[in-house]
Structures are given as structure tokens and as C-alpha cells.
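Everything below concerns the one structure shown next.
The values are calculated or read from the model by the stated rules, or taken from the named source; none is laboratory data. Please read all numbers here as calculations on a predicted model, not as lab measurements. Note that each Cβ is placed from the backbone with ideal geometry, even for glycine, and that neighbours are counted across all protein chains shown.
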Amino acid sequence: MPKFMGKKLLLLGGRPIGAREIVECAKAMGVYVIVTDYLPIEQSPAKMIADEVWDISTADIETLADKIIENHINGVLAGVNEFNIKKMIVLCEKTKLPCYCNSQQWHLLQNKAYFKRLCRKNGIPVTEEYDIHSIDEVRKTAIDYPVIIKPVDGSGSCGFAICNNENDLMAAFPKAVKFSDTGDVLIEKYMNYKESVIINYTIINGEIFYCGMSDKYSRKVSKDGSPIMAFQYYLSQEEELYLRDLDNKAKKMLSGLGFTCGVFWIEAFNSDKKFTFNEMGVRFGGSLTYLPIKHLYGFNQLDMLVEYALFGKNELKTPIKRNVFFDKTYCIFPIHVMSGTITKVEGLDKLKECEDVVKIVPVHYVGDNIDDWGSAKQVFSYIHFIADNRSEADRFAKWIMNNIHIYDEKGRDILFNLYV
């Protein structure tokens, strides 16, 4: 691709999910890729395949800004890590480089309370919430338990708790505040749904495209933890209903945000043929949701983000359309690990040889120390694969669990899953 030759892309963070994939994508285009973080190369997978590495923390904005100007960098990107995305936005604004999201857009959409107001404004149902912003207000407010508490601007289930009474809520409040940049929390009526949907949208050249939705099944790792993804199937069995009832409203909501380019996912609870929006991400999902979109729509969101980062525009002229010949089930299956230090992994090579496996997305590696976090931080890998139907998908997931083994320092097999 001649137009990409000679272009330089700086990637913030070489270890988080999506980092290595961004490097592979950009290098395939002919882009010169530099990866920066404070980690040694052996602990930073994206650094291992980069054209150049910088041992500069992604938090060191001043040094990175100087290096960007000095080295004539054309664009900056980050994977799914939200700390690095925030630094990407600041760096791009400081160095006047293109960025798909500006600071105002990011702060507004990271704020779950603002997102809910935006949904209501556009006629989209959201969960009931309580107007409580300090621990002193808890005892003064009539609350119908159970409720959940979470940071108003947090991610990754950190600071999340289910509270069955006032004592639970008082104990969970400071923990939720700890994980909030603004020190604010959101308290909502607990919706005991094990099922939800993930809805995907892409904005390119200011035009909004629906890009499919999945049925997501969630379970709790621990008694008090947040429900986290146990399995995803594309396409959702409720897609037709969603497109009829809420697609236009969601597009109208997105259209008012001022994005020229963007990748979005929305989680909505699904019960009794009704959807209730829960949260939205201004990035591809942590399980690498651009992969099913590539299969279902033949469109690579990573290509789009790399192009926009380098040029501030995209050249796609035709609409993004569904691949009508794809009639199978696309699956994302997370496998988890219990507490311990990962010392040995067996069976991944055998899994990679399976023709229906699209991608094994690593989260942890040999040497990583795992705690009982009770969150998505305990995912070892997200396994993307294709099956003829959901029954075949479940059988293959069981085969995976029988053939993968992850051992800790005591020789225990610490692998588990939340679904099969």
C-alpha cells in the first residue's frame, strides 16, 4: 500500500490486549511501528515485533510529545487499555496529530451517568438509579435493595459490588470511589440478568453503520464480584427485534456526538423481549470484537483506525454490509485461571491447529501472578472460533477445556471456565 510507506505510527503500551494485533495490522500496510512502555521487551508482546521500541512510560506525556515531534511521528494509537487511550488523546491534542476521539467526547462517554442521560434523551431504556454521590447520603435515602454500586467512570468491573443491604453498600462505597478518577459512584437497581447483548457500531466519514450484535452470557467468578463474560455467540437471536425497536434511536444518539471515525460497543440487558442499555465503550471490546465484525461484514476496524491515526480521514467509499454467505456461528469463549503463578501451559499448539479457530487472544502469560480478583482480569485467553451452530460450539468449548492445561507453581491445573 504505497500511501502508507514511510509513515510512522507510535503505539502506546505493548502488553495490553490488542497491542500486538495493531502492530501486525500496521506493519502489513507498510507502516513503520514504534512501541513504547516501561516494560522490558520480553514482557511486552508488541515490542517483540515492532520496528523500534522506546522504554518510556505511556504516562510520561512530556517526554513522549517531544519524541513524537523529534521523530516526525505521523500517528498515535493504543489498544483496549483505557489508561493508554486517555494518554493517546492527550498526546494527539498536544502534538496536533489526528485522533478518532477528543478529550470532551471521551470524558462524557466514560461517565456512566452521562451515558444514561444521553440514552433517556433519545428514548432508550436504562436501569433505575439513585441520586447518591456521597456515603453520608446512603442512610438518608430510601433504597430498594439489592443494588449495585460501581465507579461512575470505571472499567473492567473494578470497584463493582452487589449490595443486599445498607451495611453492604456502606462497605462497598469507598472501594467504588477508589476506582473512579472523579471520585463519584453510580448506584443502580440490581438487574439479575445472566444474558445480555453486545451491539456494535462503526462510524466512518461521519456515517454510522450497524455491525452486528452477539448474545453474551455472563457469570460471577466470586460471590460478590461482577458478572463477567462466559460466552458470546454471533449473531444474536434477538437481532431482528433490536433493529426494529432501537437501532434508529441508537444511531441518532451516536450521530449527536460529533465523531468522524469511531468504533463502539454497547451492552444491553435483554429480558422479556425488551432491551435496557447498560454501558458503552468507545473502542473495540477487550475480547477483540473487531474480529467477528471482520468475518460478518468483511470490514476491518483496525485498518480504519490505523488509517485515521495517520491521515485524519478514511478512504472507504462504499457502505459496510453484512456478508450474507456467512451462515455459521461465530463464538468468543474466555478461559479463566484461578489464583497462583502461571508456570506452564499445555495444549495451545493443538488448539491453534484446529481449522475453525480464528484467533487465540492472550491476556496472561507464563510468569504472571494471578489473584482472586473476581473480574475479567482472571481471563487467560479469549478463544475465537467458528461452529456450525450453538450446540456444536458448546461441544467444542468442552473439547478446549479437556485439552488445555495451565499449571501454577504448586503443579495445580488452575484453568476453569464459567460456561461449560
Quick one: which residue in 359, 344 is of a type in the set (Lys, Arg), modelled with pLDDT of 95 or more, part of a strand (DSSP E or B) and under 27 Å from residue 195 (Cα atoms)?
359
All but one of (1) within 18 Å of residue 263 (Cα to Cα); (2) β-branched (Val, Ile, Thr); (3) touching a helix residue (DSSP H, G or I) at 6+ places or on another chain (Cβ under 8 Å) hold for residue 80; state the number of the condition that does not hold.
(3)
Which one is nearest to the chain's Cα centre (by Cα) among residues in region 269-291 that are of a type in the set (D, E, K, R) and closer than 15 Å to residue 247 by Cα?
274
Which of the residues spanning region 81-91 are in contact (Cβ under 8 Å) with a residue 24 or more places away in the chain and closer than 15 Å to residue 309 by Cβ?
84, 85, 87, 88, 90, 91
Against the condition in contact with a strand residue (DSSP E or B) (Cβ under 6 Å, 6 or more places away or on another chain), at negative phi and not in a strand (DSSP E or B), how does residue 193 come out, does it pass?
yes
Answer yes or no as to whether residue 173 is in contact with a helix residue (DSSP H, G or I) (Cβ under 6 Å, 6 or more places away or on another chain) and touching a residue at least 24 places away in the same chain (Cβ under 8 Å).
yes
Flag if residue 377 is part of a helix (DSSP H, G or I) and either over 25 Å from residue 226 (Cα atoms) or at pLDDT below 95 (or both)
yes
Residue under evaluation residue 166, criteria (1) surrounded by fewer than 22 Cβ atoms within 10 Å (Cβ to Cβ); (2) in contact (Cβ under 8 Å) with a residue 60 or more places away in the chain; (3) over 21 Å from residue 80 (Cα atoms), criterion not met
(2)
Might you check whether a residue that is farther than 20 Å from residue 108 by Cα, of a type in the set (D, E, K, R) and either touching a strand residue (DSSP E or B) at 6+ places or on another chain (Cβ under 9 Å) or buried (at least 20 other Cβ atoms within 10 Å of the Cβ) (or both) occurs anywhere in region 128-139?
yes
Evaluate region 379-398: report whether one residue or more is within 23 Å of the chain's Cα centre (by Cα), among the aliphatic types (A, V, I, L, M) and closer than 25 Å to residue 46 by Cα.
yes
Pairs returned, first residue in region 397-413 that is within 20 Å of residue 385 (Cα to Cα), second residue that is of a type in the set (A, V, I, L, M) and in a helix (DSSP H, G or I), beta-carbon separation under 7 angstrom, 6 or more apart or interchain, are 400/351; 403/351; 404/348; 404/351
